[in-house]
Amino acid sequence: MIKYQLTCDLNHEFEGWFRNSDDFDTQSDEGLIECPSCGSEEVRKAVMAPAVKRRSGSRDERLSAIKNEIIQAAGRARDYVEKNFDYVGDKFPEEARKIHYGESKKRGIFGEATRTEVQDLVTEGVKVAPLPETKKKTDKAGDVKTPAIPDKKLN
């Protein structure tokens, strides 16, 4: 994986993770990358210094550090959505369709939907994504459990 610092045509800065440099180029050419602040698809790589890390610690320590970075990034993403998007609750599928078909003002929303409702939205071409779970859940032994997508609801 490679992390790029990105910027849109309105100079909003954000980061993106890609399999490789070609993956960024392909997604950019197909208009699949957009600014999380304004939705602009005019996104380019920002000038950045290479991040060179020395290998230190065990493999388990490095993996734990990566896992913590991912959890923190997921938390930042969820916080951003909760602070900047409109919560529409279980009306999410209906409101997402209205926005998609131009019947309602274009804006960021979040809420709940069943797995079937999400599949139907995706089939219709409505762009949706689950919000990451950010709370660590542990079992009786105190081991962190990996969150799974619920059978009934998606955030």
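The values are calculated or read from the model by the stated rules, or taken from the named source; none is laboratory data. Note that the coordinates shown come from a computational prediction; the quantities given were computed from them, not determined experimentally. Here Cβ is always computed from backbone atoms with ideal geometry, including for glycine, and neighbour counts include all displayed protein chains.
Remarks
- Residues that are out of contact with any Phe, Trp or Tyr (no Cβ under 6 Å at 6 or more places or on another chain) and of a type outside the set (Asp, Glu) within the stretch 102-117 comprise Gly102, Ser104, Lys105, Lys106, Arg107, Thr114, Arg115, Thr116, listed in sequence order.
- For Leu6: the one exception among (1) closer than 16 Å to Val126 by Cβ; (2) of a type in the set (A, V, I, L, M); (3) out of contact with any helix residue (DSSP H, G or I) (no Cβ under 8 Å at 6 or more places or on another chain): (1)
- Total residues in the stretch 68-81 satisfying the condition of being surrounded by 12 or more Cβ atoms within 10 Å (Cβ to Cβ) and under 15 Å from Gly108 (Cα atoms): the figure is 4.
- None of Thr116, Thr138, Thr134 is loosely packed, with under 15 Cβ neighbours inside 10 Å, at pLDDT below 90 and among the β-branched types (Val, Ile, Thr) except Thr138.
- Among the residues of the stretch 59-112, those that are among the hydrophobic types (A, V, I, L, M, F, W, C) and not in a helix (DSSP H, G or I) comprise Phe85, Val88, Ile109, Phe110.
- Condition check for Ala65: among the hydrophobic types (A, V, I, L, M, F, W, C) and either exposed (fewer than 14 other Cβ atoms within 10 Å of the Cβ) or closer than 24 Å to Lys3 by Cβ (or both): yes
- Residue in the stretch 7-25 that is more than 15 Å from the chain's Cα centre (by Cα), part of a helix (DSSP H, G or I), of a type outside the set (Asp, Glu) and under 20 Å from Ala129 (Cα atoms) present: yes
- Looking across the stretch 75-115, the residues that are of a type in the set (A, V, I, L, M) and under 19 Å from Gly39 (Cα atoms) come down to Ala77, Val81, Ala96, Ile99, Ile109.
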